[in-house]
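See structure below.
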Amino acid sequence: MSSASSFFKEITTPFRQVPRWLAVALSILVWVVVIGVWLVFSHAGIVGEMFLPKPEEVLQTAVTYALDGRLWEHTSASVQVVLIGFVISALFAIPLGLFMGTYKIVQSFFDPFVNFMRYLPVTSFVPLFILWIGIGIEQRVTVIIFGIFFQQLVMFADAARSVPRDLVNAAYTLGTSRSHTVFHIVLPATMPQIFDVLRVTMGWAWTYLVVAELVAARSGLGYISLKAMRGFQVDVIFMAIATIGILGLLTDQLFRVLRRFATPWSAV
């Protein structure tokens, strides 16, 4: 009894690691609960089939779409949009955000505009993007960039401002020039936070993907969701949602692995 009590106290201690087997078991358990509730609600008729399809129907739809190639076609189109938009945004946001967090003069110049832009709803700009850019992949990529770029700037700048001043002063003492501060001191010191920001904003990119593809798209998971809605094909909508969720989970785990290998001193 005391052993069980000790184990419970151990795993409920804040910030204390839990055994690997327990973490895996809990990760599986949450999906068992979710799918179990879904099965009960759909098979018991608690929620109508028009609104909540059965899990096996969604799975059958996914298999059908995968076998005839439609699932891979639309998934690859969505992945392409997200990756292009995310990479372009990160390439510009990382250096500019670090400069904003390091130099007050840069922060003073950009802060008012950045904080204004990041509160604007992305959906309100979609008609303008269509007018300015057209209805091709460029418009969808622009939606992704607009949705995450200004958020990334603020988060990268905050990460740069959190660098200990003692570290910077020590670098000056050892002969580092002030012009090399950002990329020789601030960048390595903020690498763990940079990976965390990229991981979080990648999730936002997948969210804005649906916004980008709901209007004037001819391919992608958001597009087939809209098309399925018009035909009351709720199983297709669930399949598209689940696919986006799986892709988001995979990219999230990828960034966790990259962070662990790129910044082993801060791995948690």
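Coordinate-derived values only; no laboratory data. Bear in mind the structure is a predicted one, so any value in this text is a computation, not a measurement. Please note: Cβ atoms are built from the backbone with ideal geometry, for glycine as well, and neighbour counts cover all protein chains shown.
Separation of segment 79-98 and segment 233-261 by C-alpha centroid, Å? Comparing the Cα centres of segment 79-98 and segment 233-261, I get a distance of 19 Å. For Lys227, the aspartates and glutamates whose Cα falls under 16 Å of its own Cα, not counting residues fewer than eight places away in the same chain, are Glu73, Glu213, Asp235.
For segment 2-43, the calculated P(r) over all alpha carbon pairs, in 5 Å bins from 0 to the bin holding the longest distance, is 6, 19, 17, 18, 14, 11, 8, 6, 1 percent. Can you list, largest first and rounded to whole Å, the semi-axes you get for segment 123-268 by taking the square root of 5 times each eigenvalue of its Cα gyration tensor? Equivalent ellipsoid semi-axes, largest first: 40, 19, 9 Å. Take the Cα coordinates of segment 126-205, assign each an equal point scatterer, and use the Debye formula without solvent to give log10 I(q)/I(0) at q = 0.12, 0.20, 0.21, 0.23 Å⁻¹. Scattering profile of segment 126-205, log10 relative to I(0): -0.51, -0.86, -0.90, -0.99. The amide H of Ser219, built 1.01 Å from its N in the peptide plane, has no neighbour under 5 Å, considering only residues 5 or more places off or on other chains. Among Met117, Met202, Met239, a tally of other beta-carbon atoms within 10 Å of each Cβ gives an order, fewest to most, of Met117, Met202, Met239.
Rounded to the nearest whole Hz, the Karplus-based 3J(HN,Hα) values (6.51 cos²θ - 1.76 cosθ + 1.60, θ = phi - 60°) of segment 42-59 follow the sequence 7, 7, 7, x, 5, 10, x, 5, 5, 9, 9, x, 6, x, 5, 5, 5, 5, with x at glycine and proline. Across segment 77-88, coupling constants 3J(HN,Hα) worked out from phi with the 6.51/-1.76/1.60 Karplus curve, θ = phi - 60°, read 5, 5, 4, 4, 4, 5, 5, 4, x, 5, 5, 4 Hz, and Gly and Pro carry x.
Could you tell me what % of all Cα pairs in the chain have separations over 22 Å?
Values: 24149 of 35778 pairs.
Summing the P(r) tail past 22 Å for the chain gives 67 percent.
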